Each structure stands twice: as structure tokens, then as C-alpha cells.
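Data first, discussion second: the structure below is written as C-alpha cells.
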Amino acid sequence: RGEIFTHSNHGLGFATNNAATQMVLTTGGNLGIGLVTGVDTRLTVKAASGTDVVGKFVSTDAKAWIQFRDNSTTDTGVMIGAEGDDMLLRAGSNERVRIKSNGTILPASDNSQNIGTGTTNFASIWASTRFRGNDNVKLVLGNAQDLVIRHDGTNNIIGSPVGGDLHIKSGTGD
């Protein structure tokens, strides 16, 4: 195996065209691209002033993924990726959220994932024009699942499955 190294306790700098250092490998094994000082993580990349894109990952496959792991991540568990102009979020080795190029947010590419756990709830869900899903998709409201609105494929159902009163009210105010 070949090695490039310094004989002293200094980082190894790289430059082209007789310019100042453009990339440095620190004595701690950290790599800095676009800066020489302040390289305090395994990879630090700094774009030139006026540049929005700091880095680019390109794949010749149909999807491109960047993987994240900690000491307990299994297999290919956590990734962020792209398919065409869509953004993909993957957890547990499956796509969980897709943000389409038109801004539509889907729970996975096949609209099959749940949003929320039933015990961890959203404070508000806002839908300006429509709330739409497949058959048997439920909109559950209340800490004890007090109100459920769903379509079972044939029937439209508004219910209070925990046995509370169901009131339909008109007028102003709450």
C-alpha cells in the first residue's frame, strides 16, 4: 500500500494551480474542503462565497441515497435520497416519506405509511382545500381518540368510538 504523510505534527494540505491550500487532512484524521482551519468533524465542506450548493452526490442509478448511521443503526436503515426531482426519506430500510417536486408530501411512494403513532399527536393539521386518502384512512382527533372521521370504501363515517357525545353545531365561535 502507498501512503502520503507529513513528517511533523501538521496537517497535509492540497492545492492546485499554485494556489493556497484548498483541502486539508488534519492530524486528527478530519478532512476539510474549502477551508484549512475549523475542521473539527470527519468531513467539513465550505462553499465559496456566493455559492448556494455546498456539495453534490451523483448516482447513475434510478435513485441516489446518502446513508446515516450511529452505533445502533442496522443495515441500510436511515437515508435521505432523490428519485428524479422527488426527495425521499428512508428509515428502517423502507421509504417512509416522499416530497414530490410539486410540493406534495406523501407517506412513502405508495401512500402506505402512518403519520403519527396514536400516542404522539400533532397539535394541528391544516388542509386548505382537501384531506384525501385511500379507503379506511382515518382522521382521529382528541387525546382519547374522541372523534374519528373515515370512509370505509362504501360508507362515510363520523363517530365517537370511546362513547362520548357527538354534537354537530352551526354558528360562530367554538
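Here are the numbers:
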{"quantity": "Sorted peptide list for 33-42, 6-15, criterion being average Cβ within 10 angstrom, highest first", "calculated": "33-42, 6-15"}
{"quantity": "Antiparallel DSSP beta bridges within the stretch 17-86, percent to nearest 5", "calculated": "75"}
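FYI, it's all coordinate maths here, none of it is from the lab. These numbers come from a predicted model, not from an experiment. All Cβ positions, even for glycine, are placed from backbone atoms using ideal geometry, and neighbour counts span all protein chains on display.
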